[in-house]
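Only one structure is covered here, and it is reproduced in the block below.
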């Protein structure tokens, strides 16, 4: 990332979404974030199994994580389509011919991913078939959910870091183009492409963006196509490109890093502290829902809502879904308290 300028303050985002590229094959940070999340889930669940903190057998941890992978990917994509952009259900033009499969159009939903995790947890609770045709590792569904909630913060953390590297899910503006910004603010050149209908550049600044971009365009390309080449130059560390575009970009909240801290580090710390001792199934998962929801509701005050997605009055859909998560977590926690039951989840600080 480039150093902050003395005059404007803040940071110019110059990170490339591509980790490395060989020929026409590119390995992207976003895909690596999923791999890192699932690898962390495997290691954490194996640790819990060896410590006697879960009923999932150690030799079935890999199978459990594969089930979780399917739940996260399918739930995350379907969640975005159903909760944020149902019109994608009818999109049939171009590859891959069905809007639901076009993950580059809208991406994934964290709330949908959690719904997918819930279904995966139910599947895990049914146990695994052994060589003799019997079933091993059968457990209460809430216990399986607790285990998923102990693994989820790592995936959320890596995912938000990848969002930051990609320059997506931008925060709201804290300083307009050319104006001084706080040291922690970030100027994302990607805003010209991803937020074209929600920008604040003046007419003169747009003219300058077009002029600078035209220098990078091929003879038969528009300045807008040239901007893609300008962005690539910025990500390659081209100082001339960085100096030219920085005064023309808004400074924003680094909401991806803020969410990585909340969704990953804070939520992870809370659920793992709770899981130090044996808990009734559902307690760990309830606290996950509560802490995640309480963190996401205020975050949407500084994060841009998805373009074209209607709000519920003055409340974003993300806030509404997160508030519902808090309510569900509190209700389940009260229900568990009244119902009681054997303590089966957690206890990783205790002897196996």
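Bear in mind that the values in this text are calculations on the coordinates, not laboratory data. Since the model is a prediction, treat every value here as computed from it, not as a measurement. Heads up, the Cβs are rebuilt from the backbone with ideal geometry, glycines too, and the neighbour counts pull from every protein chain shown.
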(message) Over the chain, what is the relative contact order in percent, taking alpha-carbon pairs closer than 8 angstrom and at least six residues apart?
(response) 22
(message) With a 10 Å cut-off between alpha carbons and a GNM built on the chain, which of 213, 286, 196 moves the most?
(response) 196
(message) Compute the helix-to-body angle for 141-166: its Cα long axis versus the longest principal axis of the chain, expressed 0 to 90° and rounded to tens.
(response) 10
(message) What would the Debye equation give as log₁₀ I(q)/I(0) for the range 201-252 at q = 0.18 Å⁻¹, counting only Cα atoms as equal point scatterers?
(response) -0.53
(request) Please provide three numbers in whole Å: the alpha-carbon extents of the range 265-308 along the principal axes, with the largest listed first. (result) 44, 17, 12
(request) Based on alpha-carbon positions alone, could you give the equivalent ellipsoid semi-axes of the range 225-297 from the gyration tensor, as √(5λ), descending, whole Å? (result) 44, 12, 10
(message) Here are a few candidate values for Rg and Dmax of the Cα atoms in Å: [x] 22.8, 75; [y] 24.4, 78; [z] 20.5, 62. Which one was actually calculated from the structure I just gave you?
(response) [x]
(request) Report, in degrees rounded to the nearest 10, the 0 to 90 angle that the Cα long axis of helix 29-50 makes with the longest principal axis of the chain. (result) 20
(request) Please give the helix 110-125 orientation as an angle from the longest Cα principal axis of the chain, in degrees from 0 to 90, rounded to the nearest 10. (result) 20
(message) Looking only at the chain, where both bridge partners belong to it, what percent of the DSSP beta bridges are antiparallel (to the nearest 5)?
(response) 90
(message) Contact order normalised by length for the range 175-247, with contacts defined as Cα pairs under 8 Å and 6 or more residues apart; what percent is it?
(response) 29
(message) Order these by the 10 Å Cβ neighbour count, fewest first: 197, 14.
(response) 197, 14
(request) Could you check which residue among 79, 24, 226 shows the biggest mean-square fluctuation in a GNM of the chain with a 10 Å Cα cutoff? (result) 24
(message) If the elastic network links every pair of Cα atoms under 10 Å, which of 282, 293, 52 fluctuates the most in the Gaussian network model of the chain?
(response) 52
(request) Between the alpha-carbon centers of the range 185-220 and the range 1-63, tell me the distance in whole angstrom. (result) 31
